[in-house]
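Read-outs: derived from the displayed coordinates by stated rules, not from any lab. This one's a predicted model, so the numbers in the text were calculated from it and none came from an experiment. Here the Cβ positions follow ideal geometry from the backbone for every residue, glycine too, while neighbour counts run over all protein chains shown.
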Amino acid sequence: MAFAQGWHECSIFVTSVWARRDQTFVTAPSQTRVAQPECRFTGALCCTYHRRVQVLGLGCALNSRSLLADIDLELVDGPLALLGPSGAGKSLALRCMLGLAPPRSTVRGELVLKDGRRARLDDLRTVAGLRGRGLCLLPQDAGPSLDPVRRVEAQLRELLRVHDNRDDSPASLLVQVGVVEELLRRYPHQLSGGQAQRVALALALACRPALLLADEPSSALDTIAQAQLVDTLRVSCAARSTELVFVTHDLALAARLCVRAVVLDVGRVVEAGPLAGLIAAPAHPVTQALVAAARRADALFVDVLETRS
Amino acid sequence: MSRETLSVRGLTVALGTRTVIRDLDLELRRGDAIAVVGPSGAGKSALLRALVGLEPGISGSLRFGGRELVGAPTEAWRPLRRRVQLCWQDPLAALHPQLPVAALIDEARLLTGLPRWHAEAPELHALLRRVALDPALARRSPGSLSGGQRQRVALARALAAEPAILLADEITSALDRPVAWALIDLLRELRGDGLGLLMVTHDLSLLPGTVDQVLVLAAGEVVERSPVRELIAAPQHPVSRALRAAVPRLP
């Protein structure tokens, strides 16, 4: 089967790969194709800005066991950090928002986008229609979500065409995410982890999503690439009025990007508010542990610097 | 020279026509701890793969226990493969997706010729606790675990082989900070017991007190080699300075 011929075959292929690898979609074009007309986004996101992107009462249960309950997210003042220890349900929350919750689970909750469109998260067809121009995922590990048999350029071009994006070109997207244009000619296996991650960001930006869900996008990168990716995220989301939910366990990194934060533990919101306040006075034990761990790293630096000077 | 020293002189690693590591020197004894840092694409993971013989295009000299391994037949690598364990960066690709955790760890014992551990073995449960995992996870398969849990299973598997030297490829980067510190404390403790440690990381903040020497790798070459405190306080090479400056700090 020739995968390179059209996006339809390609997305079938990618879907099967991801299903096996327990991975989710970044931007599978087939998902936008099944969109119902009423939930399609029109043109260049001419949103009204008095509304906020909100997630209301997100919950998820599997075999009558509650995995997530009553999670409210509201995007005010730029990117929102979603913090919590591993296993807190951060990634699951994103998957539920994308309509990619585990099989046989029941999802509750509602998603409100800036243009006022609302989607019940248990209505998978509507949510599937939002993927792409409404919601996009930037996964933790971009490698498996790239098509292994096509060059970067073809993958970017395909998304630009599918999402009718004439403002960007594959080269301009790569420049925006801070990698050299010559990567256009490469295949995914020829990219390093940091490059693959940024190509995935370029793919997400090609969809011009209203809400970008970044699932620890930088945790596999070196600190230089991490800082660059975070800066790129901030700049490109601001430039495109894309709202951003940034999932991380690194408080210091979150502080570089986000003003507000929500802390999850075992599927519930345990603390929410301005990030600076959470760092200065963490109330919940989970937040306290995150702050203490970040302080431990910081203290070592201060210690080294002071004993030298 | 100790029997279990890993000694590398002028190691060059080629991937096809591209040279990914050029002329690298390194000596790792039991109880030593060295970090390799560098931007992505610098060749850090390729170096670790080369050290366990998974890169065919190596030249120069690589000795383990005094025996030259470059160009040697596969059997010659066996002592190294047994005593030097690599903990992979991507645990999902490194762990068999359908075996339960207990079987994965037991397999490492089998392959290294150590006494086997059944699923309820107290040693197995103690090891899982040491890597901050709930022993109840022993019956689960990697596919049902979170990324951070898988990473710790991969570390437990490497440690179950009772290595003399552990090569750890970014083992803390998928973990939340409190767990990362728990693993770093474990590595420090193991090092005190005589484990040789070569850790690849991009997080300089984990290094003070964990390793002595840091090699900064950029485009396949060692551009700086300093004690860890020196590197953090006064990085010399531009790449080291960039790494130092990029460490996120609390506001």
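Give me the net charge of B:Leu250's neighbourhood, meaning all other residues with Cβ under 12 Å from the Cβ of B:Leu250; Lys, Arg count +1, Asp, Glu -1. Overall, the nearby charge balance is +3.
Projecting the Cα atoms of B:Leu15, B:Leu69, B:Ile58 onto the dipole axis of region B:12-106, where Lys and Arg carry +1 and Asp and Glu carry -1 at the beta carbon, places B:Leu69 farthest toward the positive end.
Residues B:Asp25, A:Asp298, B:Asp193, ranked from the fewest to the most other C-beta atoms within 10 Å, line up as B:Asp193, B:Asp25, A:Asp298. Principal axis extents of the C-alpha atoms in the protein assembly as shown (largest first, rounded to whole Å): 73, 54, 50.
Starting from the Cα gyration tensor of region B:15-109, take the square roots of the eigenvalues, sort them a ≥ b ≥ c, and report rounded, prolate or oblate (rounded when a/c is under 1.5, otherwise prolate if a/b is larger than b/c, else oblate). Prolate shape, in that a/c is at least 1.5 and a/b is the bigger ratio.
For region B:6-245, the alpha carbon positions stretch 50, 43, 32 Å along the principal axes, listed from largest to smallest.
Counting Cβ atoms of other protein chains within 10 Å of each Cβ in B:168-177 and taking the mean gives 6.
Over all residues in A:295-302, what is the mean tally of Cβ atoms on other chains that come within 10 Å of each residue's Cβ?
What the average comes to for A:295-302 is 6.
For region B:58-64, backbone phi angles converted through the Karplus equation (6.51, -1.76, 1.60; θ = phi - 60°) give residue-by-residue couplings of 9, 9, x, 10, 9, 10, 10 Hz, Gly and Pro being listed as x. Bridges between two residues of the protein assembly as shown, per DSSP, are antiparallel at a rate of about 55%.
Taking the number of Cβ atoms within 10 Å of each Cβ as an exposure proxy, the fewest-first ranking of B:Thr201, A:Thr242 is A:Thr242, B:Thr201.
For chain B, what does the helix formula give at 222 nm: sum of -39500 (n - 2.57) over DSSP H segments with n ≥ 4, over the residue count, nearest 500 deg cm²/dmol?
The helix contribution divided over chain B gives -9500 deg cm²/dmol.
Here the residues B:Arg229, B:Arg152, ranked from fewest to most Cβ neighbours within 10 Å of their Cβ, fall in the order B:Arg229, B:Arg152.
Taking the Cα centre of region B:6-245 as the origin, how large is its charge dipole in debye, to the nearest 20, when only Lys and Arg (+1) and Asp and Glu (-1) carry charge on their Cβ atoms?
180 debye
Is there a simple number for the mean count of other chain Cβ atoms within 10 Å of the Cβ of residues in B:200-211, and what is it?
4
State the antiparallel share, in %, of DSSP beta bridges confined to region B:6-245, rounding to the nearest 5.
55 percent
Each 10 Å bin, from zero up to the one with the longest distance, holds this percent of the alpha carbon pairs of region B:133-194: 20, 54, 25, 1.
Between the amide H of B:Thr5 and those of B:Gly65, B:Gly66, distances stay under 5 Å, these residues lying 5 or more places away or on another chain, with hydrogens modeled in the peptide plane.
Amide H contacts for A:Arg260 (H built 1.01 Å from N in the peptide plane; partners 5 or more residues away or on another chain; cut-off under 5 Å): A:Ala81, A:Leu275.
With viscosity set to 0.692 mPa s and temperature to 37 °C, compute the Stokes-Einstein D of region A:216-281, Rh being the Kirkwood radius across alpha carbon pairs; µm²/s, no decimals. Show your work: numbers first, answer last.
Working: Rh = 12.8 Å.
Estimated diffusion coefficient is 257 µm²/s.
Name the shape class, rounded, prolate or oblate, that the alpha-carbon gyration tensor gives for region A:91-245, where a ≥ b ≥ c are the square roots of its eigenvalues, rounded holds for a/c under 1.5, and otherwise prolate holds if a/b is larger than b/c and oblate otherwise. In terms of gyration-tensor shape, prolate.
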